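The values are calculated or read from the model by the stated rules, or taken from the named source; none is laboratory data. Note that the structure is predicted; figures quoted are calculated from it, not measured. Cβ placement follows ideal geometry from the backbone for every residue including glycine, while neighbour counts extend to all protein chains displayed.
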Amino acid sequence: MFPSRYMPCPSCGESVERVEAETHACDPERVVSHRMFILREEVAAFERQFQEFADTREGRFEVWVASRQVRSSRQA
C-alpha cells in the first residue's frame with residue numbers, strides 16, 4: 001500500500017502535500033474554523049449547560065443584569 005502524498009495540517013486541517021508541509025502557512029480563519037470543529041462537542045455541551053443555568057432563577061437574574069449593562073453601555 002502506498003502512503004498518501006497529502007496529509008492534514010494539525011493546526012488548520014488543510015490537506016497539504018508532504019513535501020510542502022515545512023513551508024505551509026495556515027490561514028488564521030481556517031485555524032479558528034478547524035479548532036471550532038474539533039471542539040464542537042464541548043461547545044454544544046457548554047451551550048446546553050448555559051441554557052440549563054439560564055432557565056434557573058439565578059440564571060434569569062444574571063441574564064437580566066447583563067442585558068441592563070449592555071443597554072446602559074450603549075447609551076453612554
Would you confirm, using the coordinates I've provided, whether SER4 is modelled with pLDDT of 95 or more and of a type in the set (Ser, Thr, Tyr)?
no
Only residues that are under 9 Å from the mean Cα position of the chain (by Cα) and in a helix (DSSP H, G or I): list them for region 15-56, please.
VAL32, SER33, HIS34, ARG35, MET36, PHE37, ILE38, ARG40, VAL43
Just a yes or no: is a residue in region 32-54 touching a residue at least 12 places away in the same chain (Cβ under 8 Å) and exposed (fewer than 11 other Cβ atoms within 10 Å of the Cβ)?
yes
